[in-house]
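Peer 1: Here it is, the structure, as structure tokens.
Rule-based calculations on the coordinates, nothing more; no lab input. Bear in mind that the values here come from a model prediction, so they are computed numbers and not experimental data. Here the Cβ is made from the backbone with ideal geometry for all residues, glycine too, and neighbour counts use every protein chain on show.
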Amino acid sequence: MVEVEMNGTTPSVRDELITEIELSFGLLHKAAANFDNRYISRVFRDLGPLRRKLAKNGDALATVIDRLYPHNSASRAYLLEVTGKTDESMDEETKSAVKPEVDLYIHLLVQVYLLDNNRLEELNKFNDKVIYLLGSYNRRSLDFIQAKIWFYISRTKELIDDLHSIRPALLSALRSATLRHDTETAASTITLLLRNYLLCHEVNQAMNLVEKTEFPENAGSSLVARYYYYLARINAIQLDYSSANEYVIAATRKAPQTQLAVGFLQAATKLSIIIELLMGDIPELQLFRKQSDSLEPYFMLTKAVRLGDLKLFEEVLKKYEQAFKKDDNFTLVSRLRQNVIKTGIRIISLSYSKISLKDICIKLLLDSEELAEYIVAKAIRDGVIEASINHEHGYMKSKELLDVYSTKLPQDDFDQRIKFCLSLHNDSVKSMRYPSADNRSDINKHNLAAKEDEMDLLKAIEEGDLDDFMD
Amino acid sequence: MSLQKLTAELYQLYDQEEYEKCQKILTPIKLELIKHNLLLPTVANSDSKDKINDLKIAERILEIGALSSLLSNNYRGFENYVAQLRPFYSNKQIHAKPEKNTDQTKIISLYLLYLLSQGLVSKFHVELELIYNSKQYNVEQDQYLLFPVNLEKHLMEGNYIKIWKVLKNDTNLPCKEYGHFLDTLVNALRFEIAKSLEQTYETIPISNCKGLLYFPQEQSDATFESIIKDDLKMTGWTFKDGSITFKNDDDSHKGNVNPNSINLISNVLSYAERIESIV
């Protein structure tokens, strides 16, 4: 199939592609010379479109490799082999050795190419070589590329359903990245390991990793978003809903708000809905309106919880079981049963100031008065309702509602919000980027080209590289 | 060859329900297992049929270890054995078929029960996550696994009647090892109920309270009082004139009504400081 596609491409597309790839080498050289990783971010910004073009034009990649690598280079033979071109001995022109940045970038492109063409077995073998290669380099300008390469290595293993074997390699990568203060790779490998553990449902392992490692503070925001999402998951499973909620909100806020990250946002929204429900809150209707189709099971679920309707809840659970299982949320969802009952009680307690236990039984479809008494007592204890039971006469009496404004609650809420605003301000100040002293003089000279360059870079960073977001 | 002898002896002791002796003999057996490289399934020692058979025997030994330490009240030991069994259970070569109503699910469910009786609910859910998502187990159709899962569900809902019915009736238990947890579970159950009662009622007749906590009516009020105070560690229960009055923690609610001025001042001061730094 690849053969056919290769033949079908017009030479002009191919040439364009070749120039495009070679153009990015310039940026990579710049990054290496200036020790400025922002140039690499810029290269990655173009990676998305490039990748789609590349998927159909493996030929172009082969040509680039052919031109780039000298004949005595060890990588040359296998790179050409996987891109589907035999090594034709051409004239012995002398080529300088390939820079590590460019070398790794080429490897990354080959990875992407193989992945998009679904040649997983080959990719897997290719990855072994890449891992070996990664070990041989130690340059800070490679951090970004390395982080990305690890992502694709891990993704390959995931697709061929071989999650265990990659762990040692990831862990050793994490160790060397941490030792070298390579934040990008460290952050990337931490998230990959977490994902790996969670896919195997080994929450304990994931928890241990979180406890033992320190997530780099200034990692890219897309990685931070991912990290928070996994933290939210771990905490939700361990019943710590309030911290889970904090993390999932942080994850959605940090996630890039572009078309490419939709999958991630959707997964995060689903998790956040469930966590909110588990905490006894009802998510806002607006949330569902935005992306109605994929959230339908969750919408129905929310409806059932909001109404306190146990029967509807069971129906929803049965009907959408597959959907919940696919999202790995089924266990969390099945915990909601008790919340449905509690909401039922809450509704009753809000509408009646005094009601006999027997009526509660009838309304909630419970078996006996005695059971109703226990359940109501539990609800009171969990702070769901403010009420008391009179045992002799068998009724539940709701307590008069306190005037909230006479309590400390408004003050606490106010305090919380002010603190949030202040910390937001602090964070923004911290994350501002100031040009270094010598740079400033350059800009002052109205060096237009430099300024444009800077703007471009900023734009690239803003948009982030989001190509690899998936749910 | 001594391993075979020891193993045979262990089986025999286990069948005779000499659990303490099982414990003693297990230590040398484990040493032998290490010597034969059988304590842990790895890729190297599970590549032939014979080796897998050996591993299965090792697994059975550890299972006996887990059960016998549980039955001789050695909970730490039980926990250790469960941890040691884990790599065996997740090994696909030893357990190729889905497990249903086997010793494996029995031990896992006992472990779940153990976590529940110790009040380690978050660990319980972590385990559950693994079990629900594993193809090896089918919770809905496994009588062993279903038991702790349902128990937790009822406990969370406050459906104490169902739990009591299950616990009271020994025949409902899927196997005899569960009986071991009965006392702890009943105690935990009563504690839960008592906690709820405390919050719910202002006052309640003693006889009704006994009923709600599943104590026999003929028990004297004095013993009931001492059980409440000593075993369940309930404070603030006053026994008077055949009824119990609860001293609720309402004080904390009332305390909220008057805003704590010191708190307020310190908050405002910190805002002022921060704003100053911004300006």
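Peer 1: Build a GNM of chain B with springs between Cα atoms under 10 Å: which of B:266, B:122, B:226 gets the top mean-square fluctuation?
Peer 2: Top of the fluctuation ranking is B:266.
Peer 1: If the elastic network links every pair of Cα atoms under 10 Å, which of B:146, B:115, B:269 fluctuates the most in the Gaussian network model of chain B?
Peer 2: Among B:146, B:115, B:269, the largest GNM mean-square fluctuation belongs to B:269.
Peer 1: Distance cut-off 24 Å, Cα to Cα: go down the list A:311/B:135; A:397/B:210; A:408/B:123; A:303/B:123 and report the pairs above it. Write out the running numbers ahead of the final one.
Peer 2: Values: A:311/B:135 28 Å; A:397/B:210 22 Å; A:408/B:123 35 Å; A:303/B:123 30 Å.
Exceeds cut-off: A:311/B:135; A:408/B:123; A:303/B:123.
Peer 1: Hey, another quick one. Which entries of B:195/B:229; A:270/A:325; A:319/B:153 show an alpha-carbon separation above 19 angstrom in the structure shown? Walk me through the numbers on the way to the answer.
Peer 2: Details: B:195/B:229 13 Å; A:270/A:325 12 Å; A:319/B:153 21 Å.
Among B:195/B:229; A:270/A:325; A:319/B:153, the Cα-Cα distance tops 19 Å for A:319/B:153.
Peer 1: Here's another thing I want to ask about it. Which residues' amide hydrogens lie under 5 Å from the amide hydrogen of residue A:356, considering only partners 5 or more residues apart or on another chain, with H built in the peptide plane?
Peer 2: Counting only residues 5 or more places away or on other chains, the set is A:396.
Peer 1: Skipping prolines and chain starts, which residues have an amide H placed within reach, meaning under 5 Å, of the one on residue B:244, given they are 5 or more residues away or on another chain?
Peer 2: Amide H to amide H, under 5 Å and 5 or more residues apart or across chains, residue B:244 pairs with B:204, B:206.
Peer 1: May I pose another question? Test of understanding: ordering B:154, A:181, A:425 by Cβ neighbours within 10 Å, fewest first, what list do you get? Intermediate values should be presented prior to the final figure.
Peer 2: Values: B:154 19, A:181 10, A:425 14.
Ranked by crowding around the Cβ, least crowded first: A:181, A:425, B:154.
Peer 1: Same structure again: Can you give me the distance in nm between label points at residue A:334 and residue B:140, each placed 7 Å from the Cα along the Cα-to-Cβ direction?
Peer 2: Going from the residue A:334 label point to the residue B:140 one covers 0.9 nm.
Peer 1: Roughly speaking, what is the stretch gain from residue B:156 to residue B:5, that is 0.36 nm per residue apart minus the C-alpha to C-alpha distance, in nm to one decimal? Don't jump to the answer; show the numbers that get you there.
Peer 2: Values: separation 151, 0.36 × 151 = 54.36 nm, distance 4.79 nm.
Here the segment from residue B:156 to residue B:5 would lengthen by 49.6 nm.
Peer 1: Here's another thing I want to ask about it. Between residue A:78 and residue A:212, what is 0.36 nm times their sequence separation minus the Cα-Cα distance? Round to one decimal in nm.
Peer 2: Numbers: separation 134, 0.36 × 134 = 48.24 nm, distance 3.84 nm.
Using 0.36 nm per residue and subtracting the Cα-Cα distance, I get 44.4 nm.
Peer 1: Calculated FRET efficiency, residue B:265 and residue A:242, Cβ-Cβ r, R0 35 Å, to nearest 0.05? Numbers along the way, then the final one.
Peer 2: Working: r = 28 Å, r/R0 = 0.79.
Approximately 0.80, to the nearest 0.05.
Peer 1: Also: Could you check the simple spin-label distance between residue A:162 and residue A:351, using points 7 Å along Cα→Cβ, in nm with one decimal?
Peer 2: Result: 6.0 nm between the two label points.
Peer 1: Follow-up. Working out 0.36 nm times the residue gap between residue A:136 and residue A:171, then minus their Cα-Cα distance, what length gain in nm do you get to one decimal? Before the final figure, lay out the partial values.
Peer 2: Values: separation 35, 0.36 × 35 = 12.60 nm, distance 1.68 nm.
Residue separation times 0.36 nm, minus the Cα-Cα distance, leaves 10.9 nm.
Peer 1: If the label point is 7 Å along Cα→Cβ of residue A:358, which residues in the range A:375-418 have backbone nitrogen under 14 Å from it?
Peer 2: Output list for this probe position: A:393-396.
Peer 1: When every alpha-carbon pair in chain B is counted, what percent end up more than 33 Å apart? Don't skip to the end; give the middle numbers.
Peer 2: Details: 17078 of 38781 pairs.
Percent of Cα pairs beyond 33 Å in chain B: 44.
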